[in-house]
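See below for the structure under consideration.
Nothing in this text is a laboratory measurement; each read-out follows from the coordinates by a stated rule. Keep in mind that what you see is a predicted model, and the values were worked out from it rather than measured. Neighbour counts run over all protein chains shown; Cβ positions are idealised from the backbone, glycine included.
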Amino acid sequence: MTPDPLQSIRRNNWINQIATHATMRPDGLAVRYRGNDTTWRQLHDRFEKLADALSRRGVGFGDRVLVLAFNHPAYLETVFAINALGAIAVPVNFRLTVPELGYIVGDSGATVIVTDTVLLPLAQAARQQHPALETCIVIGGETTEGTLGYDDLIAEQSPAHPPVDLPEDTPCLIMYTSGTTGSPKGAVLSYANMNAQALTCIRAMEMTPESIGFCTSPLFHIAGLGSLAPAFQLGAATVLHPLGAFDATEFLDAVEAEQATIAFCVPAQWQLICAEPTVRQRKLALRKLSWGAAPASDTVLRAMAECFPQADNVAVFGQTEMSPITCVLEGRDALRKLGSVGRVIPTVTARIVDDEMNDVAPGEIGEIVYRGPTMMQGYWNKPEATAEAFAGGWFHSGDLVRQDEEGFIWVVDRKKDMIISGGENIYCAEVENVLFDHPAIREAAVIGRPDEKWGEIPVAVVALHDAQAQLTLTDLEAHLNTYLARYKQPKDVVVVDVLPRNASGKVLKHKLREDFSH
C-alpha cells in the first residue's frame, strides 16, 4: 500500500506523532529506563530501521506480530516498527503457560514473535506447537539457532521500506482478554481508538508537554500502552519502571529521582506505597495519582489522600474493549464520592439498561453500555462474540451499575463472571475448564473472595468423584501450573458434596458467594 505521501502525512497516528517530535524536538526525552535516555529522534530512527528489517522478512500491511517481552524501550520500538508497516502488534502476557500462548499464536495467525532472553524458552515452546511462527527475534543477550538478534536487525544496512498510509481506522493492536467461554478474545484497537484514549488522559490528568509520566503497568496491558498514548501525542517524557516483584521503596526512590508528575498504580500497589515508612518525607513532584483496574477500599483511598496531599487522586475505569477508559473520578471528588468510578467521559455516550435494552430509572441497577471513538472494532476472528458484544448497536460492558443524582457511576456487580485480582482479569469459566480436567474433580465453580491486598482472589468450590476424599491446593498445583498462569490459579479450594443448582441445572453462584466468599 503506497499512497500519495501528502495523504499519509496528514494522518493522526502515533507513527506520525513520533515523527513530528523527532523533527521538532529531536533531543527531547522520550523514554527513560534504568537511567538510560532515549530521545525522540533515537526512538524514531530505531523503530524505522527495525521496520525495514521486518519488511525484508515478509511483514506487511495487516500482518500480526507477537510481542512477548518485559517493559523496555525496545518494546515500544517493536510496536512502532510493526505499525510503521501497517502490521498489527499483538502484545502478550508473559505469565501465560505454553498452551495459553499457543492458543493466541494460532488465533492471531502471527508468523513473527519478538521476545527477550528470559522469555525465549516460552516463545520457543510455542513455536514448536505452531511451526507457522517462523521468525523469532530476541531482545538482548545472545541468539540461539533459529533466532535473530534485535540489535543485529537494527544495524543492518539496506533500503528503507516504502511509506505506508495508515488511516485512523487502521488496526494497530490486538489486545487479548480472557473470555467467559474459556477462550481468550482479541480486542482489535485502531489508531483512532488510541487517539481518543490519549485525549481522555490529557484531559483527566491535565497533561502538558512538560509532564513526566511514570509507567508501572506492563506494556502487554492496555493500561500500559494506553497510558503512554498521550505522551506520544504531546511529546511528553515517560519513565518506564522495570517489571518484577513490586517494591514500594524502589518506586518512591524512582519517582523522587525522576521528579515524575503523574503515576498510575493498581490499588494493591498504592496500599504498599502508602505503608512505606518514608513516604511522607519524600520530595515529590507528583500532581496526579491515578488508579484503576481493580476496586480500591476506602482505607486505601484515604491513605493516598493523607500521604500525597499535594496531588489529585484520579480514578479511571473501563475495559480493554474501550481502549480502555470510560469513566473518570476527578481528584476533587475522590473523597466526596468514595466508591464511585466517576462520571462517563465527555467523548463517550453511555446508557444504563435492562436486559431488553430499556433505560433504567436513575438510581436503579442496570448494565452500562457504550458508544464512542474509543470503542474497539471487534474481536479478532470471532464474529459471533463481536455481534453479541454490539447487540442493539451498543457495546455491552457486562458491568452492572447505578448512577446517582449527580451523574456519578457506582459499580454494583459484574454481569460477566469475572474476578479482578491485583489489576488482572480472571474469568471463572477459563479456570473452571481447567479444574474440570483434573481426574479427581466431578464438578467445579470459581468465585471471587474479597482480599485486602489484591482486591479479590479466586476460590475453587469443587465436588469430587470420591465423596470420601479430600483435595488441597498442593494436590492441584502441578495440574494448574501446566494450564494456567499463576495469577489465574485459585488461592483456596473448598470441597463440597454437590454444587447448588437451579431447576435449569445452572450453578447458583450467589449461594456459593454467600457461603464461601468470606
Residues Thr320, Thr78, Thr143, sorted so that the one with the fewest Cβ neighbours within 10 Å comes first: Thr143, Thr320, Thr78
Please report the equivalent ellipsoid semi-axes of the stretch 106-155, computed as sqrt(5 x eigenvalue) of the Cα gyration tensor, largest first, in whole Å. 19, 12, 9
Under the 7 Å Cα-to-Cβ spin-label approximation, Ala391 and Gln259 lie apart by a distance in nanometres of 5.4
Taking 0.36 nm per residue of separation between Glu145 and Gln281 and subtracting their Cα-Cα distance, the length gained on full extension comes to 43.8 nm
Compactness check, the chain: C-alpha Rg relative to the 2.2 N^0.38 Å globular estimate gives 0.98
Exactly which GluC sites (Glu not before Pro) in the stretch 423-477 are in a DSSP loop and have at most 15 other Cβ atoms within 10 Å? Glu452
Of Leu435, His479, Phe516, which is farthest towards the positive pole of the stretch 419-516's charge dipole, taken about the Cα centre with +1 and -1 on the beta-carbons of Lys, Arg and Asp, Glu respectively? Phe516
Taking H as built 1.01 Å from N, whose amide H comes closer than 5 Å to the amide H of Ile137, not counting residues under 5 places away? Ile113, Val114, Thr115, Leu148
In whole Hz and in residue order, list the ³J(HN,Hα) couplings for the stretch 190-205 that follow from phi through the Karplus curve 6.51 cos²θ - 1.76 cosθ + 1.60, θ = phi - 60°; x for Gly and Pro. 10, 5, 4, 4, 6, 5, 5, 4, 4, 4, 4, 5, 4, 6, 5, 9
Place +1 on the Cβ of every Lys and Arg and -1 on the Cβ of every Asp and Glu in the chain, take the dipole about the Cα centre, and give the residue among Gly448, Val401, Leu234 whose Cα lies farthest towards its positive end. Leu234
Relative pair counts by distance (%), Cα atoms of the stretch 130-271, 5 Å bins: 2, 8, 12, 13, 16, 18, 15, 10, 5, 1, 0
Test of the criteria: in the stretch 9-84, which chymotrypsin sites (Phe, Trp or Tyr not before Pro) are in a DSSP loop and have at most 15 other Cβ atoms within 10 angstrom of their Cβ? Phe61
Going residue by residue through the stretch 113-124, the Karplus relation 6.51 cos²θ - 1.76 cosθ + 1.60 with θ = phi - 60° gives ³J(HN,Hα) values, rounded to whole Hz and with x marking Gly or Pro, of 10, 10, 9, 10, 4, 5, 8, 4, x, 5, 4, 5
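Antiparallel as a % of all DSSP beta bridges within the stretch 1-116, to the nearest 5?
Given both bridge residues lie in the stretch 1-116, the antiparallel proportion sits at roughly 35 percent.
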Tell me the mean residue ellipticity at 222 nm calculated for the chain from its helices only (DSSP H runs of n ≥ 4, each -39500 (n - 2.57), averaged over every residue, nearest 500). -9000 deg cm²/dmol
Determine the gain in length on full extension of the stretch Asp451-Asn381; use 0.36 nm per residue of separation and subtract their C-alpha separation, reporting nm with one decimal. 21.6 nm
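Might you report the magnitude of the Cβ-based charge dipole of the stretch 375-517 about its Cα centre, with Lys and Arg at +1 and Asp and Glu at -1, to the nearest 20 debye?
So the magnitude is around 220 debye.
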Could you state the per residue volume, in Å³, of the convex hull enclosing the Cα atoms of the stretch 1-57? 95
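For Asn36 and Phe61, FRET efficiency with R0 = 35 Å and r from the beta-carbon atoms, rounded to 0.05?
0.60
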Describe numerically, in nm with one decimal, the distance between label points set 7 Å from Cα along Cα→Cβ at Val498 and at Glu206. 6.1
For the stretch 41-148, what is Rg from Cα atoms divided by 2.2 N^0.38 Å, rounded to two decimals? 0.98
Kindly rank 187-199, 146-158, 486-498, 232-244 from highest to lowest mean number of other beta carbons found within 10 Å of each residue. 187-199, 232-244, 486-498, 146-158
In whole Hz, what ³J(HN,Hα) sequence does the stretch 376-383 give by Karplus (6.51, -1.76, 1.60; θ = phi - 60°), x for Gly and Pro? 4, 7, x, 9, 4, 6, 9, x
With the 8 Å Cα cutoff and a minimum separation of six or more residues, the stretch 399-518 has a relative contact order in percent of 22
To the nearest 20 Debye, how big is the dipole of the chain about its Cα centre, given +1 on the beta carbon of each Lys and Arg and -1 on that of each Asp and Glu? 580
Could you point to the residue in Leu335, His221, Leu289 farthest towards the positive end of the stretch 210-352's charge dipole, with +1 and -1 charges on the Cβ of Lys/Arg and Asp/Glu respectively? Leu335
Cα-based equivalent ellipsoid of the stretch 419-516: semi-axis lengths in Å, sorted from largest, via gyration tensor: 20, 17, 12
Once R0 is set to 41 Å, what does the formula 1/(1 + (r/R0)^6) return for the Cβ-Cβ distance between Phe516 and Thr347, expressed as a FRET efficiency to the nearest 0.05? 0.50
So if each residue of separation counts as 0.36 nm, and I subtract the Cα-Cα distance between Ala132 and Ile9, what length gain in nm does that give? 40.8 nm
Approximate shape of the stretch 188-414 as ellipsoid semi-axes (Cα gyration tensor, √5λ), whole Å, largest first: 31, 21, 15
